[in-house]
Amino acid sequence: FAVKFTSKLNETFVTQPIAWDTTDAVLAGYIESALLKLPNGVIDDVAVTVDSNDNNSGVILDVTFTGESVQGKQHKLEILADKCEVGCSPRITGLANLRTFSDTALSQTLSHVQISTPGSHNSFECGRRGKCNRKNGECSCFEGFTGSACGSLSALV
């Protein structure tokens, strides 16, 4: 499977294929590594936990964005689980054991996405603390702020 990330500028990025592993910590490491490898440092820090214990009726993936370039509300992550073979990118075999359907008569849904911190599509460049230089894609921070996304306070003004 793969994960699709949409940046605050509505650019989409898809991870390299991620191999499924039945060990929670290993799978979390695979997902975290794939997200951090996305181009242009679009995700500069992230924490992933996986919970597949018997009390769950599936696997819970908890992704927390912790980096400067991913501060604030984000778009939903998408799990790409369908086969993507010859002529398709990224080339993935899919998740054969993924059961997805919704039966309203039985009030059952086997797979669903739950957002623990809701995102917003009204995202602002440079954290509203600077201006974006469109030529090089870097933030020019206002006085008192610093960092790649102007997310650090450098002086009390």
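The values are calculated or read from the model by the stated rules, or taken from the named source; none is laboratory data. None of these values were measured; they are calculated from a predicted model. Cβ placement follows ideal geometry from the backbone for every residue including glycine, while neighbour counts extend to all protein chains displayed. The area values use the complete protein model at the heavy-atom level, side chains included, leaving out ligands, DNA and RNA. Shrake-Rupley method; radii C 1.70, N 1.55, O 1.52, S 1.80 Å.
Observations on the structure shown:
- Some residue of the stretch 69-89 being of a type outside the set (D, E, K, R), within 17 Å of the chain's Cα centre (by Cα) and at pLDDT below 70: no
- Flag for G94 being of a type outside the set (V, I, T) and at pLDDT below 75: yes
- Restricted to the stretch 29-50, and to residues there that are surrounded by fewer than 14 Cβ atoms within 10 Å (Cβ to Cβ) and at pLDDT 90 or above, the residue that is farthest from L61 (Cα to Cα) is P39.
- Per-region count, the stretch 128-142, residues closer than 16 Å to V70 by Cα and either open to solvent by less than 100 Å² (accessible area, probe 1.4 Å) or assigned to a loop (DSSP other than H, G, I, E, B) (or both): 5
- Residues being of a type in the set (G, A, S) and under 16 Å from F1 (Cα atoms) - total across the stretch 29-57: 3
- Residue in the stretch 17-28 that is within 17 Å of F5 (Cα to Cα) and open to solvent by 70 Å² or more (accessible area, probe 1.4 Å) present: no
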